[in-house]
Amino acid sequence: MNEFELIEQIFLQLQADQPLPTDIEKGIGDDAAVMSLPAGSRLVSCVDTLVQGRHFNADWPQVQQLAFAIGYKAVAVNVSDLAAMGATPHSILLALALPERLANQAWLTEFAKGLFHACQLFGVTLIGGDTTRNDSLILSISAQGLLPADTPAVYRSGAKVGDKVYVSGSLGDAAYALQHPDNGVGIELAHRLHMPTPRIQLGIALAQIGATAMIDISDGLYQDLSHICQQSKVSMRLNIEQLPTSTPLSTIGLTERLLCQLTGGDDYELAFTLPADVAPPLNNTSISCIGEVIAVANQVDITTTDFTATDSEVKDSKATGFKVAGSEVTDSTKNIVSPHPVLFYQGQAVTPTQPSPFTTWPTLTGYQHFAG
């Protein structure tokens, strides 16, 4: 099957079941797509690339089996980025680098069915793209969304001291399913890994009520919230016993569960901040308050929290990101402390010398796209 047969026999044929919206003048089949934008609307764009062996299984039988899910997830992860800005998804472009063994009617049809299923669910239209041959599967989707003139985009840089920190849904399910694909809980949670649900309507509602910062959780809660901290120049107190947990994941040991929830990634839930006097919107998606925005490390007095400092906590003030009452924060300390979330468990700071509920201080970095 060559490039033109692929477009004609699969993508154009399947898209015929989804008529073009009136604001798309030209979609698949020409050098470029053409669309009109509602007066006053702003275009929000993002792109995401999925690589076999890095973002999904390198095993060829698994790739064959997951054709539908790969097509679906490629759309979902981009739509989730639009949701994190408060935008309404509109359209996508697909770039597909296809191995010879997948360039067949059966695999491509299942892949395209997954892609178009996601398009239908999330209200987006495939308007064009490109295909080429490669030894492994690589797919890249560029997504466009719209923001009304009177709705501000929600950036990572707007969190303010005193804001509450929230997350949608439950955390850690996808990470556990990835790490344990063959046990009972992993199998039960596999849909959370392969078929994530971007929180589109929640993102739109949060933009409308004045969310101060927002991000979708793709690389791990701690790492993604660190992006908000760094761009907003704030810290956060996270009460990790309040992390929302699904029923299957609640059966897993506490330490493993918390590591999945803090560092696992692939949740595609929304993490966001709201002023303390603004309630989160009523939505079909559950929402949990997991902490609050606090001042950056060298501006916080630990005595203002529900915490009593001891000698060991004073030693750990550099690690936790707090200036402990009575301790001295030197210029060198200030230089190495960057805004980041600070973990608490049942009112006690989680530190390298007092890591409870962990037995040792955990590695909190999430997914690293350039590792290895």
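The values are calculated or read from the model by the stated rules, or taken from the named source; none is laboratory data. These numbers come from a predicted model, not from an experiment. Please note: Cβ atoms are built from the backbone with ideal geometry, for glycine as well, and neighbour counts cover all protein chains shown. Ligands, DNA and RNA are excluded from the accessible area calculation, which covers all protein heavy atoms including side chains. Shrake-Rupley method; radii C 1.70, N 1.55, O 1.52, S 1.80 Å.
Worth a mention:
- Members of the range 237-259 found to be closer than 20 Å to Ala271 by Cα, open to solvent by 30 Å² or more (accessible area, probe 1.4 Å) and either charged (D, E, K, R) or part of a loop (DSSP other than H, G, I, E, B) (or both), listed by number: Glu241, Thr245, Arg257
- Residues that are open to solvent by less than 40 Å² (accessible area, probe 1.4 Å) and aliphatic (A, V, I, L, M), drawn from the range 96-132: Leu96, Ala97, Leu98, Leu102, Ala103, Leu108, Ala112, Leu115, Ala118, Val124, Leu126, Ile127
- Residue identified as closer than 28 Å to Leu343 by Cα, in contact (Cβ under 8 Å) with a residue 12 or more places away in the chain and open to solvent by 50 Å² or more (accessible area, probe 1.4 Å) among Thr197, Thr212: Thr197
- For the residues Ala87, Ala76, the requirement of being within 28 Å of the chain's Cα centre (by Cα), crowded, with 21+ Cβ neighbours inside 10 Å and more than 18 Å from Phe116 (Cα to Cα) singles out Ala87.
- Consider the range 176-194 and keep the residues that are open to solvent by 20 Å² or more (accessible area, probe 1.4 Å) and in contact with a helix residue (DSSP H, G or I) (Cβ under 6 Å, 6 or more places away or on another chain). The one that is farthest from Thr255 (Cα to Cα) is His194.
- Of everything in the range 224-236 that is surrounded by fewer than 21 Cβ atoms within 10 Å (Cβ to Cβ) and assigned to a helix (DSSP H, G or I), the residue that is nearest to the chain's Cα centre (by Cα) is His227.
- One residue stands out in the range 267-296 among those that are buried (at least 21 other Cβ atoms within 10 Å of the Cβ) and outside any strand (DSSP E or B): the one that is nearest to the chain's Cα centre (by Cα), namely Tyr268.
- Residue pairs whose Cβ atoms lie under 6 Å apart, sitting 6 or more positions apart in sequence or on different chains, and linking a residue in the range 228-245 that is within 24 Å of Asp173 (Cβ to Cβ) to a partner that is open to solvent by 50 Å² or more (accessible area, probe 1.4 Å), are Ile228/Arg156; Glu241/Gln346.
- Val314 vs. criteria more than 30 Å from Gly53 (Cβ to Cβ), at pLDDT 90 or above, of a type in the set (Val, Ile, Thr) and not in a loop (DSSP other than H, G, I, E, B): no
- Which listed residue, of Asp163, Asp135, Asp150, Asp173, is more than 17 Å from Ser246 (Cβ to Cβ) and surrounded by 20 or more Cβ atoms within 10 Å (Cβ to Cβ): Asp163
- Residue count for the range 56-73, restricted to those that are of a type in the set (Gly, Ala, Ser) and either under 18 Å from the mean Cα position of the chain (by Cα) or crowded, with 24+ Cβ neighbours inside 10 Å (or both): 2
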